[in-house]
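Inspection log for the structure reproduced underneath, given as C-alpha cells.
The values are calculated or read from the model by the stated rules, or taken from the named source; none is laboratory data. Note that the structure is predicted; figures quoted are calculated from it, not measured. Glycine also receives a Cβ, built like all others from the backbone with ideal geometry; neighbour counts cover every protein chain displayed.
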Amino acid sequence: MSKRVAVAFTGPSNSGKTTLVEKIAQILIKERKVAIIKNDPKDKAKFDVEGKDSYKFSQTGAEVVITSPTRTTYFSQREKTLDDIVSMINDFDILLVEGLKTLPLPRIAVFRNKIDESYFVCSEAIAIDDSINITNYTIPEGVDILDLNNITQIIEWINVHAKNI
C-alpha cells in the first residue's frame, strides 16, 4: 500500500482557504489520488434537493449511499472521526482537510488583509498575500511563511510536512 499523507488548512471566513485547496488539488490530482474533507461548522452546506429520493432517504436519519455510473455520494447523519473518514474514503494518496482545527494534522493558516494571531497555536505555516504587511505581526518561531499565490511553494511545503496517516 502506498504512503498516505494528510495536511489541513484553516483560517477565517473568506480568507481564501477553499480557493487554495482547489488550486492545490487541481495540480496534485495529475499525479496522485486526492481526497478532500471540508468541515462545515455552521451546518450551511446543502447536499441535496428537497423532494428528491436521496433527500427523502437522508431525512430518515439513516446512513445513505447513492451510487451512479459516475459517482458515489455518502450522506451521514453522524459525526465522523478522521479515522472513520479515512477508512471510508480509503483509496487516496493525499488528503486535504479544510477546517477541523482539533485534528492533529500539519496545518497551514490562510490569511488575507489581516492575520488572526489566535490561529498560530494550531498552525505550522501561514499562507498570506501582499495585502498583509508581515512586519506588523510577530510570527512565532517555527511557523513558516508561505506566499498564498505561489502554489508550487505551498505544495513543496506540503510534500515535506504532510503527516502519514
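Which residues, taken from segment 105-126, are in contact (Cβ under 8 Å) with a residue 60 or more places away in the chain, surrounded by fewer than 17 Cβ atoms within 10 Å (Cβ to Cβ) and part of a loop (DSSP other than H, G, I, E, B)? Break it down into steps so the answer makes sense when it comes.
To start, the set of residues in segment 105-126 that are in contact (Cβ under 8 Å) with a residue 60 or more places away in the chain comprises 105-112, 116, 119, 122-123.
Narrowing further to those that are surrounded by fewer than 17 Cβ atoms within 10 Å (Cβ to Cβ): 116, 122.
Scanning segment 105-126 gives a single hit, ASP116.
Looking at (1) surrounded by fewer than 16 Cβ atoms within 10 Å (Cβ to Cβ); (2) touching a residue at least 24 places away in the same chain (Cβ under 8 Å); (3) part of a strand (DSSP E or B), which one does ARG32 not meet, given that it meets all the others?
(3)
Out of curiosity, is THR102 over 22 Å from LEU28 (Cα atoms) and exposed (fewer than 13 other Cβ atoms within 10 Å of the Cβ)?
Details: over 22 Å from LEU28 (Cα atoms): yes; exposed (fewer than 13 other Cβ atoms within 10 Å of the Cβ): yes.
Taking the combined requirement at face value, the residue satisfies it.
Quick one: is GLU124 acidic (Asp, Glu), closer than 28 Å to ILE85 by Cβ and either at pLDDT below 95 or under 21 Å from the mean Cα position of the chain (by Cα) (or both)?
Numbers: acidic (Asp, Glu): yes; closer than 28 Å to ILE85 by Cβ: yes; either at pLDDT below 95 or under 21 Å from the mean Cα position of the chain (by Cα) (or both): yes.
Considered against the rule, which asks whether it is acidic (Asp, Glu), closer than 28 Å to ILE85 by Cβ and either at pLDDT below 95 or under 21 Å from the mean Cα position of the chain (by Cα) (or both), GLU124 comes out as yes.
Taking ASN149 as the residue in question, decide whether it is under 15 Å from ILE24 (Cβ atoms), part of a helix (DSSP H, G or I) and without any contact (Cβ under 8 Å) to a residue 40 or more places away in the chain.
no
Residue-by-condition table, conditions (1) modelled with pLDDT of 75 or more; (2) in a loop (DSSP other than H, G, I, E, B); (3) closer than 23 Å to ALA6 by Cβ; (4) among the small types (Gly, Ala, Ser):
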| position | (1), (2), (3), (4) |
| --- | --- |
| VAL49 | no, yes, no, no |
| ILE66 | yes, no, no, no |
| THR70 | yes, yes, no, no |
| TYR74 | yes, no, yes, no |
| LYS80 | yes, yes, yes, no |
| SER87 | yes, no, yes, yes |
